[in-house]
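Novice: Once you've had a glance at the structure underneath, I'll fire off some questions.
The values are calculated or read from the model by the stated rules, or taken from the named source; none is laboratory data. Predicted model, so just to flag it, every value in this text is computed and none were measured. Positions of Cβ are backbone-derived with ideal geometry, glycine not excepted, and every protein chain shown enters the neighbour counts.
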Amino acid sequence: MATVKVKAYAKINLTLEITGVEGGYHMLDSLVASLDLFDFIVLKKRKDGLSRVTMKGLGSDSIAPEQNNALKAAEAFSKKFGVNGADITVYKNIPIGGGLGGSSADVSGVLRGMAKLYDVTDEAGIEELADALGSDVKYMLRGGYARMQGRGEKLTFLDVQQTLHFLMLTPKSSVSSKACYQKYDELPMTLQWKESATENAIAALRRRGINDVGRYLTNDLYVPALHLNPDVEKVYAEAASFSPLGTVMTGSGSCVLALFETKELCEWAKSRYRGKFTAQVVKTVTPKNERKKTRNLYRLEE
């Protein structure tokens, strides 16, 4: 196969709880899910060991060459498995700096694409490489609902088919993940025991209790993000103003999602939104099911 096309899906944190620090890493307990928002990646075989990446679309001009993790992934794949490189084009649709895992999605997409391009079937080796390239890249290889623990490497995938519908608001300003975790460490912490929102949200998902899922949406990085970016508080308040089942910031920000019972209610909220932030309706998906759809479903605009 000379050309491969891959969808790299965004990720959201329905819950994000920090449980401690080990070896300089913050330990997490998080319920994550894939969104129907994705970057589209096209890979073409090369006859040498070099890889080149071209970024197009949303925010692509803000990615410096030395920060291009898609290129690092392709080079690492070629080195590990002894295959040639690829000419890669990434069509960006996932907002950069929004807490949606766009960079990790692209890394996982390149790994999946390179594996298909060169018929590499060593799943354990690919997962090992994913682990080395980023904390949540291993999750992104598969996607769907999962409980993510540790620094992101401990994964429990959930056999849940519940579709959740959101109105997502995206400010133009972002929050640095590194700065957000540093601010978390600086802020006063309570040592009191608290009920696990992640466990409760998973239980609610399994019994298809969407109202209860909304109750348990939480993010321990929300308050640190408020200190770093005033827009986070504004976007959260605007998302919550439509009385959704629950509201949550994903990752270290700055995207905020409001959960509604149906897509129609999301569309209703979007139609009445008059704020300055970008509003769009999104839903959770299971990527392996989405990939079964015809490849002609999505068209690329050069």
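Novice: Please determine, by comparing only the residues of segment 3-26 that are of a type in the set (S, T, N, Q) and crowded, with 24+ Cβ neighbours inside 10 Å, which one is farthest from A203 (Cα to Cα).
Specialist: Within segment 3-26, the first condition is being of a type in the set (S, T, N, Q), and the residues that meet it are 3, 13, 15, 19.
Checking which are crowded, with 24+ Cβ neighbours inside 10 Å leaves us with 13, 15.
Numbers: N13: 16, T15: 13 Å.
Per the criteria, the residue is N13.
Novice: Let me ask something else. Please go through segment 107-135 and give me each residue that is among the aliphatic types (A, V, I, L, M) and touching an Asp or Glu at 6+ places or on another chain (Cβ under 7 Å), ordered by number. Even if it seems obvious, please write down each step before you answer.
Specialist: If we filter segment 107-135 for residues that are among the aliphatic types (A, V, I, L, M), which is where we start, we get 107, 110-111, 114-115, 117, 120, 124, 126, 129-130, 132-133.
Correct list: empty.
Novice: In segment 128-160, what residues are within 13 Å of L35 (Cα to Cα) and in a loop (DSSP other than H, G, I, E, B)?
Specialist: G143, G144, Y145
Novice: What is the one condition in (1) loosely packed, with under 15 Cβ neighbours inside 10 Å; (2) in the same structural domain as K263 (by TED's automatic domain parsing) that E123 does not satisfy?
Specialist: Result: E123 fails condition (2) only.
Here is a yes/no grid of residues against (1) surrounded by 16 or more Cβ atoms within 10 Å (Cβ to Cβ); (2) closer than 23 Å to D159 by Cα; (3) at pLDDT 95 or above; (4) not assigned by TED's automatic domain parsing to the domain that holds V42:
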| position | (1), (2), (3), (4) |
| --- | --- |
| M189 | no, no, no, yes |
| R207 | no, yes, no, yes |
| Y216 | yes, yes, yes, yes |
| P244 | yes, no, yes, yes |
| T250 | yes, yes, yes, yes |
| L265 | yes, no, yes, yes |
| R272 | no, no, yes, yes |
| Y298 | no, no, no, yes |
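Novice: What about E238, is it outside any loop (DSSP other than H, G, I, E, B), touching a residue at least 24 places away in the same chain (Cβ under 8 Å) and under 13 Å from M168 (Cβ atoms)? Step through it out loud before you land on a result.
Specialist: On the way: outside any loop (DSSP other than H, G, I, E, B): yes; touching a residue at least 24 places away in the same chain (Cβ under 8 Å): yes; under 13 Å from M168 (Cβ atoms): yes.
When the stated conditions are applied, E238 passes them.
Novice: Oh, and also: Give segment 27-53 a look and list any residue that's under 14 Å from L71 (Cβ atoms) and either small (G, A, S) or surrounded by fewer than 19 Cβ atoms within 10 Å (Cβ to Cβ) (or both), or say none.
Specialist: The answer is R46, G49, L50, S51, R52.
Novice: Among the residues of segment 9-46, which ones are of a type in the set (G, A, S) and within 20 Å of the chain's Cα centre (by Cα)?
Specialist: Step one: of segment 9-46, the residues of a type in the set (G, A, S) are 10, 20, 23-24, 30, 33-34.
Hits for segment 9-46 are A10, S30, A33, S34.
Novice: Taking only segment 62-75 into account, find how many residues are farther than 15 Å from R52 by Cβ and surrounded by 12 or more Cβ atoms within 10 Å (Cβ to Cβ).
Specialist: Keep residues of segment 62-75 that are farther than 15 Å from R52 by Cβ, which gives 62, 64, 67.
Now drop any that are not surrounded by 12 or more Cβ atoms within 10 Å (Cβ to Cβ), which leaves 62.
The qualifying residues number 1.
Novice: Could you tell me whether any residue of segment 259-268 is touching a helix residue (DSSP H, G or I) at 6+ places or on another chain (Cβ under 6 Å) and part of a strand (DSSP E or B)?
Specialist: For segment 259-268, residues touching a helix residue (DSSP H, G or I) at 6+ places or on another chain (Cβ under 6 Å) and part of a strand (DSSP E or B): present.
Novice: Further question: Does L100 qualify as being surrounded by 20 or more Cβ atoms within 10 Å (Cβ to Cβ), touching a Pro at 6+ places or on another chain (Cβ under 9 Å) and farther than 23 Å from S51 by Cα? Step through it out loud before you land on a result.
Specialist: Details: surrounded by 20 or more Cβ atoms within 10 Å (Cβ to Cβ): yes; touching a Pro at 6+ places or on another chain (Cβ under 9 Å): no; farther than 23 Å from S51 by Cα: yes.
Criteria not met by L100.
Novice: Take V110 and decide whether it is modelled with pLDDT of 95 or more, crowded, with 16+ Cβ neighbours inside 10 Å, aliphatic (A, V, I, L, M) and not in a strand (DSSP E or B).
Specialist: On the way: modelled with pLDDT of 95 or more: yes; crowded, with 16+ Cβ neighbours inside 10 Å: yes; aliphatic (A, V, I, L, M): yes; not in a strand (DSSP E or B): yes.
In short, yes.
Novice: Would you be able to say whether some residue in segment 192-199 is in the same structural domain as E233 (by TED's automatic domain parsing), assigned to a helix (DSSP H, G or I) and buried (at least 16 other Cβ atoms within 10 Å of the Cβ)?
Specialist: Start the filter on segment 192-199 by keeping residues that are in the same structural domain as E233 (by TED's automatic domain parsing), which leaves 192-199.
Then drop every residue that is not assigned to a helix (DSSP H, G or I), which leaves 197-199.
Pick out the ones that are also buried (at least 16 other Cβ atoms within 10 Å of the Cβ) and you get 197-198.
There is at least one residue in segment 192-199 that is in the same structural domain as E233 (by TED's automatic domain parsing), assigned to a helix (DSSP H, G or I) and buried (at least 16 other Cβ atoms within 10 Å of the Cβ).
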